[in-house]
Amino acid sequence: MNINTTNTSFRKLYAFGTKLPIDLSLSENPLGCSPKVSSVLKNLTQADFFDYPDPDCNQLKKLISRRFEINADSIFVANGSEAIIKLIPQVMLKPGDEVIVPRLTFPMFEIAARMSNAKIVSSEMTPDFDIDLKDIKSKITQKTKLIFICNPNNPTGKVIPQKAILDLVKTTKANIIVDEANIEFGGQTVITETNRFKNLIVLRTFSKGFGLAGLRIGFCVASKNIVRLLQQASQPFPVATVAEKAALVAFADTQFIKKTKEFMKSEREFLNRELKKRGFEVVRSEANNLLVVIPPFIPDLVRRLSEKGVSVVDSSAFNLNEVKFFRVSPRLREVNRKFINVIDQILSELGK
Ligand SMILES: Cc1ncc(COP(=O)(O)O)c(C=O)c1O
């Protein structure tokens, strides 16, 4: 069989880049996951491996439903939120439907919508790299079926006020997908508002703040009808038993999330300060990603970093071609320091 490499493919996502020894590329939790997860792993039995898992993750749905005061029928759990990002366009779009996607955001939204033969309508960013809700509103037509919003946004870490998102939800019949993958680090959730608005879909993951990226588990909250559609189109047993068990414990450990949020704030501030001292423009993030604009006096910075063993995400992974930048996700202080030392070496080699 011939593989057509020009086809739209998730393999084009930055997630498939190489991780080098000083790795600040993917936004995993540098603190790992809740220490309580280890006790789950110790207490696993053989049945957790040989029995098929609960197809609906009912225990986890119960916990989520209690925390956010939403009906369990409005929750869909899957093997990573990316599985849901792929499934939503599949079940909700027909060819030619329009999907609005901000130009600078998680690239998977656009790839998934393209795979369903939707027409992508790009929304511009504001000069401060914010998602421009006014521009999004101006681009809504009769054919707009989905609008993707990421809050806090990836790769900027910028947040959108809750009220502004709800204003958008109220002004259109299109379904608004709010991806809150990084909400544990900053910003206000709109998850409970799914009780009021049938066109609001909120995505969550256990990969970021909860530190369970390797287990592949995420969920969405939406109207019962949308959840039913997702269940119909989903694999029968999307989530492994061990993933659900770990998620149950991680979700309950609110102390670990608090610690993670404080840790991320201090490392974000460290990198922000050190990079600014060296002449970089750093976009003001409230989450776990920092967008760093590359000054013209440092040519090929990402290549130079990679030659010295540092991995970051290059701007070419995103859709905003006018600005040269990279994205870093803060790590432990020791790694962040090594990264800054490499930047210093590069500046010194360039005589700056
Ligand atoms: C904004 C955003 N949404 C979703 C995902 C995918 O998360 P998951 O690991 O749950 O598939 C990512 C991963 O990088 C992300 O940055």
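If you check residue 164 against the conditions, is it open to solvent by less than 40 Å² (accessible area, probe 1.4 Å) and either within 15 Å of the ligand (Cβ to nearest atom) or in contact with a Phe, Trp or Tyr (Cβ under 8 Å, 6 or more places away or on another chain) (or both)?
On the way: open to solvent by less than 40 Å² (accessible area, probe 1.4 Å): yes; either within 15 Å of the ligand (Cβ to nearest atom) or in contact with a Phe, Trp or Tyr (Cβ under 8 Å, 6 or more places away or on another chain) (or both): no.
Answer is no for this residue.
Does at least one position in the range 198-215 carry a residue that is more than 20 Å from the chain's Cα centre (by Cα) and either open to solvent by 10 Å² or more (accessible area, probe 1.4 Å) or of a type in the set (Lys, Arg) (or both)?
Checked against the condition, which is being more than 20 Å from the chain's Cα centre (by Cα) and either open to solvent by 10 Å² or more (accessible area, probe 1.4 Å) or of a type in the set (Lys, Arg) (or both), the range 198-215 yields at least one hit.
With (1) part of a loop (DSSP other than H, G, I, E, B); (2) within 16 Å of the ligand (Cβ to nearest atom) as the list, and residue 184 as the residue in question, which single condition is left unmet?
(1)
I'm trying to understand the selection: among the residues of the range 33-52, which are outside any loop (DSSP other than H, G, I, E, B) and of a type in the set (Asp, Glu)?
Of everything in the range 33-52, just one residue is outside any loop (DSSP other than H, G, I, E, B) and of a type in the set (Asp, Glu), namely 48.
Yes or no, residue by residue, for (1) open to solvent by less than 40 Å² (accessible area, probe 1.4 Å); (2) among the β-branched types (Val, Ile, Thr):
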position: 79; (1), (2): no, no
position: 97; (1), (2): yes, no
position: 127; (1), (2): no, no
position: 135; (1), (2): yes, no
position: 183; (1), (2): yes, yes
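Go through the range 33-50 and give me each residue that's under 27 Å from residue 257 (Cα atoms) and β-branched (Val, Ile, Thr). It would help to see each step written out before you state the result.
Filtering the range 33-50 for residues under 27 Å from residue 257 (Cα atoms) gives 33-44, 48.
37, 40 - these are the residues of the range 33-50 that are under 27 Å from residue 257 (Cα atoms) and β-branched (Val, Ile, Thr).
Keeping to the range 216-225, report how many residues are open to solvent by 10 Å² or more (accessible area, probe 1.4 Å) and either within 15 Å of residue 179 (Cβ to Cβ) or in a helix (DSSP H, G or I) (or both).
Qualifying residue count for the region: 2.
So which of 64, 100 ends up being touching a helix residue (DSSP H, G or I) at 6+ places or on another chain (Cβ under 8 Å), outside the structural domain of residue 316 (by TED's automatic domain parsing) and within 16 Å of the ligand (Cβ to nearest atom)?
On inspection, the qualifying residue turns out to be 64.
Could you say which residue among 256, 251, 270, 280 is within 15 Å of the ligand (Cβ to nearest atom), open to solvent by less than 30 Å² (accessible area, probe 1.4 Å) and of a type outside the set (Val, Ile, Thr)?
On the way: 256 fails: within 15 Å of the ligand (Cβ to nearest atom); 270 fails: within 15 Å of the ligand (Cβ to nearest atom); 280 fails: within 15 Å of the ligand (Cβ to nearest atom).
The conditions single out 251.
Since residue 158 meets every condition but one in (1) of a type outside the set (Asp, Glu); (2) more than 30 Å from residue 34 (Cα to Cα); (3) touching a residue at least 60 places away in the same chain (Cβ under 8 Å), which condition does it not meet?
(2)
The values are calculated or read from the model by the stated rules, or taken from the named source; none is laboratory data. Just so you know, these numbers come straight off a predicted model, no measurement behind them. A quick note on method: Cβ atoms are made from the backbone with ideal geometry, for glycine too, and the neighbour counts reach across all protein chains shown. Just the protein is used for accessible areas: all its heavy atoms, side chains included, with ligands, DNA and RNA removed. Shrake-Rupley method; radii C 1.70, N 1.55, O 1.52, S 1.80 Å.
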